[in-house]
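See below for the structure under consideration.
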Amino acid sequence: GDGPEPPSPGLVDIPALMDRARATGVDVTYRDEVSSDGIGAGTQLAIYRVVQESLTNVVKHAPGSAVDVALVEGAGEVRLTVRNHTPESSPAPIDSGGHGLVGMRERAAAYGGRCTAGFVEPGVFEVRLDLPVERGTEARR
């Protein structure tokens, strides 16, 4: 098309991801303590994509799970935590052969952060993204 490209998804678009996950039967809670003001589009997109991939993984591998998503800011960084509590009747995980977790780690590294994923206690899987944020700096690049 000849029109301008639509903006990349950012922090304001995350609630729509929650709604889509809920529509599949996932019980999602969301705590957002971060203002998108001054956070660059690339950092916002990285956060959005990690939430998107995390919720997709829950729907695929732990349908019916309860998921807690938290986005908080402090000490020059933004931390995203996506925790799912596997239901007792959950099917065994299927190795999809995908590259979602690797992609999340690579995306985090591209913005000077880190992403970890794994079981933090029995039945609780967590994806954690920590990204440095210097408000206003990235937006000027």
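The values are calculated or read from the model by the stated rules, or taken from the named source; none is laboratory data. None of the values given here were measured: they were computed from a predicted structure. These accessible areas exclude ligands, DNA and RNA; they are computed on the full protein's heavy atoms, side chains included. Shrake-Rupley method; radii C 1.70, N 1.55, O 1.52, S 1.80 Å.
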Completion exercise
Sorted by accessible surface (1.4 Å probe, heavy atoms of the protein chains only), largest first, Phe119, Phe125 come out as Phe119, Phe125
Exercise for the section: Give me the accessible area of Asp130, 1.4 Å probe, in Å² rounded to the nearest 10. Expected result: 20 Å²
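So with the 1.4 Å probe, I'd like the accessible area per residue for the range 1-77, rounded to whole Å². Intermediate values should be presented prior to the final figure.
On the way: 3940 Å² over 77 residues.
Accessible surface, normalised per residue, equals 51 Å².
Can you put Arg31, Arg83, Arg114, Arg22 in order of accessible area, largest first, using a 1.4 Å probe?
Working: Arg31 120, Arg83 75, Arg114 145, Arg22 100 Å².
I get Arg114, Arg31, Arg22, Arg83, largest accessible area first.
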Practice task
Enter the accessible area of Val12 (Å², nearest 10), with the probe set to 1.4 Å and all protein chains included.
Solution key: 110 Å²
